[in-house]
Amino acid sequence: MTRLRRTIAFLAAGSLVALTLNVVSGSTAAAAPFGYAQLNTIQKRLASGLLTSELSGVQAAARQAAPAGTFRSTTATCADHFGNNVKVNQNCLNLSDPDLQGRAQAQNETWAAVDPNDANHVISSYNDYRRGDGTCGVSYSQNAGKTWADATTPNGFTRGTAFGGARQYWQAGGDTSVAWDTRGNAYLSCQTFMRGLVASANPDQSSAFYVFRSTGTNGASWNFPGRPVVEHNDVAGAGDFLLDKQLLTVDASRTSPFRDRVYVTWTTFAADGTSYIYEAHSADYGETFSAPVLVSSTSALCDNTMGLPTPQGTCNTNQFSQPFTAPDGTLYVTYANFNNAVVAPENRNQMLLSKSTDGGASFSPPVRVGYYNDLPDCATYQNGADPGRACIPEKGPSFNSIFRATNYPIGAVDPTHPNRVVVTYGSYLNRNSNETTGCTPAGFSAAATNLYTGVKTTCNNDILLSVSTNSGASFGSSDARTAPVVTTASGQARSDQFFQGAAYTPNGALVVSYYDRQYGSDNNTGFSDITVSQSRNASTFRHDRATSSSMPPPTQFNGTFYGDYAGVAATNRTAYPVWSDTRPVDLFRCPGTGTTTTPPKVCQGGATNASVANDQDIYTVGVPIT
């Protein structure tokens, strides 16, 4: 969700029919803006963390009240290592007013990719707040992740036919992802948007998805301006519906008939209450993109239990799409779907997969990857915190872990066995956490989030693994309670794992990275680590702890936003998990200091002010592939 790893955009009046155009013109109709406040309950539940935090006014409210408590002076400096963990973003801590914690400081929602022609070239992208608002950050390494440098993505100023030439300056951006093609070009997907009246007197709600290309510089520089996937000119603020959660992939198979084709998928939240998945593609190295193509359409797997309109088919409530390709050029898109009928107290949903064999021009009806149960309602189990969202409550009496979280699918194809398609996803009910352990579904809250018995005692979230051996035509067990899991270590049977990334090495090792609470007292304190699991048969896994020490729960953005996802990239020798790390302390101008002759002192949060204790920086480490 994110997602902060997820895209927002507003498209013009004319509903989804307008999506047949690559560029959509704005509406001049006098209508109340369709923004976050106009989303229905289900849409608010599904909306990414980026969209929610930026458009709901949550962060504006957080800025109105500075956290209470005192601060202590510090001589802390920028930490570029924690043990063998290497810092990816290269800015040091910016001094921020305590009530703006996160603004000008945070980085989160990570993605990573390795050049298939040179394993020394690694890039990572993330949401970057160092300028005081979200933008699309990217770093690059020329020595296999040992050291990193930052690049500047030129996403603040773009042009496209929707804006009549060199016109659009953007207030914010984020929801990034990166990939390489077979010829040494790197690509970055970025969401850009204007905030509208939620942030200022300017009603502009224009928005867009752009793809940037790095040619010959290995991620050190990117083409200006970016190339539009979808744009919307809405300077009048009509705000007819929202785009969210885009991800990018590139067909990097030299044997594919669609070699080097660039794909982007996303969700549209329409004013009629629907949320369909769309895809667009580029056959000219990201220079131009096709008109949007519907991915989620009609299937007997989708029951219209909510009674929403079905203008593009019965699978009309979806989110969290991810595209990935096979060596033969098949494009797969996996996504979460909320159209499966359940009777309370059951609260499961389903992961679906659609595929295209014609380069993204059309898609097959979806197949079910498996059922899953989402994370629990935060306010119910965490003392009223973060209402309307799900989170990952720690065990015991404390209420530290309140950041927004959700379960989503990430898939990959085994390049050595191309018929083997795997999809990973989280589920709160699983073979280690279900009715036999005292974790029982209890329906939905008023905010449409999930309820359970045993949340603070016996439940835990696991990373499930669904495997197809017939090129995605069918998958294994759909029951989350019996499905195979990636998280097979003994300490993971009663602890939470979440925010997974997945990738195959060129020689066929499946790599899955994720946040993990199996270490030390993490499960009871809300701390987290990063684990990398690897398998040669998509069945048995080896597990390696990637973090050199545990990370505390985030405090930035009032502790409610940690991003929506985390990525991993892999070569035949090394896996590169990249994550948002909360171990760096946050630095502030000491309140009441600074005169005409004496500069302000530097203070930090922590023991005397735990509400502003830590930063969010991007870290990585090379984990050997065996």
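The values are calculated or read from the model by the stated rules, or taken from the named source; none is laboratory data. What you are looking at is a predicted structure, and each value in this text was computed from that prediction instead of being measured. Here the Cβ is made from the backbone with ideal geometry for all residues, glycine too, and neighbour counts use every protein chain on show.
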Exercise. Just wondering, is there one or more residues in the range 314-329 that are at negative phi, hydrophobic (A, V, I, L, M, F, W, C), in a loop (DSSP other than H, G, I, E, B) and surrounded by fewer than 18 Cβ atoms within 10 Å (Cβ to Cβ)?
Worked result: no
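Tell me, please, whether a residue that is outside any helix (DSSP H, G or I), touching an Asp or Glu at 6+ places or on another chain (Cβ under 9 Å), at pLDDT 85 or above and not hydrophobic (A, V, I, L, M, F, W, C) can be found in the range 42-61. It would help to see each step written out before you state the result.
Here is the first cut: in the range 42-61, the residues outside any helix (DSSP H, G or I) are 47-48, 56-57.
Narrowing further to those that are touching an Asp or Glu at 6+ places or on another chain (Cβ under 9 Å): 47-48.
When the remaining residues are screened for being at pLDDT 85 or above, the result is none.
Checked the range 42-61: no residue is outside any helix (DSSP H, G or I), touching an Asp or Glu at 6+ places or on another chain (Cβ under 9 Å), at pLDDT 85 or above and not hydrophobic (A, V, I, L, M, F, W, C).
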Problem set entry | Selection status of Thr310, out of contact with any Lys or Arg (no Cβ under 8 Å at 6 or more places or on another chain), at pLDDT below 95 and among the hydroxyl-bearing types (Ser, Thr, Tyr) | no
Problem set entry | Among (1) surrounded by 24 or more Cβ atoms within 10 Å (Cβ to Cβ); (2) assigned to a loop (DSSP other than H, G, I, E, B) - the single one Asn537 does not satisfy | (1)
Exercise. Does at least one position in the range 395-415 carry a residue that is among the acidic types (Asp, Glu), out of contact with any helix residue (DSSP H, G or I) (no Cβ under 6 Å at 6 or more places or on another chain) and under 21 Å from Ser433 (Cα atoms)?
Worked result: no
Problem set entry | Condition met for Asn537 (more than 15 Å from the chain's Cα centre (by Cα), farther than 24 Å from Pro484 by Cα and not β-branched (Val, Ile, Thr)) | no
Problem set entry | Positions within the range 548-586 being closer than 29 Å to Ala412 by Cα and over 20 Å from the mean Cα position of the chain (by Cα), in sequence order | Ser548, Ser550, Thr571, Asn572, Arg573, Thr574
Exercise. Do you know which residues across the range 195-220 are under 30 Å from Trp180 (Cβ atoms), touching a Leu at 6+ places or on another chain (Cβ under 9 Å) and of a type outside the set (Phe, Trp, Tyr)?
Worked result: Ser207, Ala208, Val211, Arg213, Ser214, Gly219
Exercise. If Ala341 passes every condition in (1) at pLDDT 95 or above; (2) surrounded by fewer than 17 Cβ atoms within 10 Å (Cβ to Cβ); (3) touching an Asp or Glu at 6+ places or on another chain (Cβ under 9 Å) but one, which one does it miss?
Worked result: (1)
